[in-house]
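Data block below; observations after.
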């Protein structure tokens, strides 16, 4: 996915650009919820450290979580691998915050990923805006804060998404991987009740997981209110509402706990067009919700 002029402060970029920049950078700071062991990103970070780059990585450590034992094992495996190459690794964001932020600062550019740094199928934002880059660097270090249109904690990210929904046009399109009660669901319900055409696309794990019964009940409630719901295998998190948009890694769920995450308000036409095209492609490939 690419959009925006090459010199623009904010652009959508392909994963290949991120890996290419890492291969040449002198300083790299990266965070992720989890990374694939010996996957392309881990290998790229190892190689960067081997050639002398300063590399720091923050991963969620899953300490004390019996429901995430396998993820804890993966985190420790990745930490051992990276440290063996001289990478500075921290498990956990500090200050009690859970790491859900998929972000990197590569020399002077910040990259924001909606998943976990896979080699394909990603929505990645690149920004060279100095305030954005500083905010992303702070969030990777465990100090999330806002910077204009960018939020780096989940609560603020979802507040921006809800604001885009409420203040957007008569058509609202929203896509999320996970879905649950919260300010985004409330905003969708209010817009549908007010006569807006609202389309909601969710990942199909909601249709299959036993623990998602509450989410399915919420989807039925929204469908009754007039929201058109479909399910798909896609996992983007985005919203387009008239001349306003939002993209991020924050799922449209409850945001009560402290969590590093990101969400970006979008109003530049080329970027909005890319979001709209992505949503329409995923919507067309999806199937109607039969809750």
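Does residue 260 satisfy being part of a strand (DSSP E or B) and at pLDDT 90 or above? Talk me through it step by step, then tell me what you get.
Values: part of a strand (DSSP E or B): yes; at pLDDT 90 or above: yes.
The answer is yes for residue 260.
Exactly one of (1) surrounded by 21 or more Cβ atoms within 10 Å (Cβ to Cβ); (2) more than 20 Å from residue 100 (Cα to Cα); (3) over 14 Å from the mean Cα position of the chain (by Cα) is unmet by residue 202. Its number?
(2)
If you scan the range 67-117, which residues turn out to be in contact with a strand residue (DSSP E or B) (Cβ under 7 Å, 6 or more places away or on another chain) and without any contact (Cβ under 8 Å) to a residue 60 or more places away in the chain?
75, 78, 79, 82, 83, 87, 88, 89, 90, 91, 92, 110
For the range 154-172, how many residues are buried (at least 24 other Cβ atoms within 10 Å of the Cβ) and part of a strand (DSSP E or B)?
1
Specify which of the listed residues (270, 234, 255) is under 22 Å from residue 289 (Cβ atoms) and either in contact with a strand residue (DSSP E or B) (Cβ under 8 Å, 6 or more places away or on another chain) or at pLDDT below 95 (or both).
Details: 270 fails: under 22 Å from residue 289 (Cβ atoms); 255 fails: under 22 Å from residue 289 (Cβ atoms).
Result of the check over 270, 234, 255: 234.
Looking at 173, 141, 243, 204, which is the one that is in the same structural domain as residue 28 (by TED's automatic domain parsing) and either touching a helix residue (DSSP H, G or I) at 6+ places or on another chain (Cβ under 6 Å) or in contact (Cβ under 8 Å) with a residue 24 or more places away in the chain (or both)? Give the steps one after another, and end with the answer.
Details: 173 fails: in the same structural domain as residue 28 (by TED's automatic domain parsing); 243 fails: in the same structural domain as residue 28 (by TED's automatic domain parsing); 204 fails: in the same structural domain as residue 28 (by TED's automatic domain parsing).
Among 173, 141, 243, 204, only 141 is in the same structural domain as residue 28 (by TED's automatic domain parsing) and either touching a helix residue (DSSP H, G or I) at 6+ places or on another chain (Cβ under 6 Å) or in contact (Cβ under 8 Å) with a residue 24 or more places away in the chain (or both).
For every residue, the table says whether it meets (1) modelled with pLDDT under 90; (2) in contact with a helix residue (DSSP H, G or I) (Cβ under 8 Å, 6 or more places away or on another chain); (3) part of a loop (DSSP other than H, G, I, E, B); (4) assigned by TED's automatic domain parsing to the domain that holds residue 18.
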residue: 74; (1), (2), (3), (4): no, no, no, yes
residue: 78; (1), (2), (3), (4): no, yes, no, yes
residue: 81; (1), (2), (3), (4): no, yes, no, yes
residue: 86; (1), (2), (3), (4): no, yes, yes, yes
residue: 90; (1), (2), (3), (4): no, no, no, yes
residue: 105; (1), (2), (3), (4): no, yes, no, yes
residue: 111; (1), (2), (3), (4): no, yes, no, yes
residue: 133; (1), (2), (3), (4): no, no, no, yes
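Just name the residue that is surrounded by the most Cβ atoms within 10 Å (Cβ to Cβ) out of those in the range 22-52 that are in a loop (DSSP other than H, G, I, E, B) and more than 21 Å from the chain's Cα centre (by Cα). If you could, list the steps in order and put the result at the bottom.
First pass over the range 22-52, keeping only residues in a loop (DSSP other than H, G, I, E, B): 25-26, 33-39, 51-52.
Narrowing further to those that are more than 21 Å from the chain's Cα centre (by Cα): 25-26, 38, 51-52.
On the way: 25: 18, 26: 12, 38: 12, 51: 10, 52: 9.
So the residue we want is 25.
Determine whether residue 63 is assigned by TED's automatic domain parsing to the domain that holds residue 26, touching a residue at least 12 places away in the same chain (Cβ under 8 Å) and at negative phi. Write out each step before concluding.
On the way: assigned by TED's automatic domain parsing to the domain that holds residue 26: yes; touching a residue at least 12 places away in the same chain (Cβ under 8 Å): yes; at negative phi: yes.
In short, yes.
The values are calculated or read from the model by the stated rules, or taken from the named source; none is laboratory data. Source: prediction; values computed, not measured. Neighbour counts are summed over all protein chains in view; Cβ atoms, including those assigned to glycine, are modelled from backbone coordinates with ideal geometry.
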